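Novice: Below: one structure in structure tokens.
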Amino acid sequence: MALFINLLGFTGGWLIFIFPMYQAFLELSDQAITFSKMVSGRLETVKKISPLYWVFPPLKIHKEKERALIIIREMKLEANDLKKLLLYFDKATAWFYVALAGLFNSIYVTYELFGKLHLPRSPLPFFMTITVLIVLSASSVRYRLDAKRIEQKISGIRGE
């Protein structure tokens, strides 16, 4: 029974990481398209932020937000449109931290499960396991968002 409960905790921990990340992509994709249309042509005028900043995600988010604010200032938007864009950035940041909290919880639960199953808690096998689980999680989200998959679902519903 204890093993079953531990496996439930492990599965639940990783689901708490995967689905907030998926939800973030779902909610933000429409807004990102709208924002891209609004700023088309202006993105090239401001230097892109290096992907290396993902080593420390909060800094990457901060730098991207600064870049976006420079673009927005150049657009001279009305207060209502500006408010919508700022709320978009806040939503993006909030979803990132929900997924990050889920990831931290998942790592903790995985570590505990290693102990319960008497698996080696040494860094190499543990971090290799975590890396594989993160890649599988990201792959799951990517699969769910794949346009081809969505089109197949639509065709199935229509009976085509």
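Novice: With the condition kept exactly as written, say whether any residue in region 84-96 is within 30 Å of THR11 (Cα to Cα), touching a Phe, Trp or Tyr at 6+ places or on another chain (Cβ under 7 Å), of a type outside the set (Val, Ile, Thr) and surrounded by 13 or more Cβ atoms within 10 Å (Cβ to Cβ).
Specialist: no
Novice: Go through PHE126, PHE104, PHE114 for me and flag whichever is of a type in the set (Phe, Trp, Tyr), under 20 Å from the mean Cα position of the chain (by Cα) and either closer than 25 Å to MET21 by Cβ or open to solvent by 70 Å² or more (accessible area, probe 1.4 Å) (or both).
Specialist: Working: PHE126 fails: under 20 Å from the mean Cα position of the chain (by Cα); PHE114 fails: under 20 Å from the mean Cα position of the chain (by Cα).
Sole residue among the options that is of a type in the set (Phe, Trp, Tyr), under 20 Å from the mean Cα position of the chain (by Cα) and either closer than 25 Å to MET21 by Cβ or open to solvent by 70 Å² or more (accessible area, probe 1.4 Å) (or both): PHE104.
Novice: Further, regarding this structure: Considering region 118-160 alone, what residues qualify as being of a type in the set (Lys, Arg) and within 21 Å of ASN6 (Cα to Cα)?
Specialist: In the first step, residues of region 118-160 are kept if they are of a type in the set (Lys, Arg); the result is 121, 142, 144, 148-149, 153, 158.
Passing the criteria: only ARG121.
Novice: Another one. Name the pairs: first residue in region 113-135 and free of Cβ contacts under 8 Å to residues at least 12 places away in the same chain, second residue assigned to a helix (DSSP H, G or I) and surrounded by 14 or more Cβ atoms within 10 Å (Cβ to Cβ), Cβ to Cβ under 6 Å, at least 6 apart or on different chains?
Specialist: The qualifying pairs are ARG121/PHE114.
Novice: Find the residue count for region 88-134, including only residues that are closer than 30 Å to LYS65 by Cα and of a type in the set (S, T, N, Q).
Specialist: Final tally of qualifying residues: 4.
The values are calculated or read from the model by the stated rules, or taken from the named source; none is laboratory data. Here the structure is a predicted model, which is why all the values come from computation and not from measurement. With ideal geometry, Cβ positions are generated from the backbone for all residues, glycine too; neighbour counts draw on all protein chains shown. Each accessible area value is taken on the protein alone, full model and side chains, heavy atoms only, with ligands, DNA and RNA left out. Shrake-Rupley method; radii C 1.70, N 1.55, O 1.52, S 1.80 Å.
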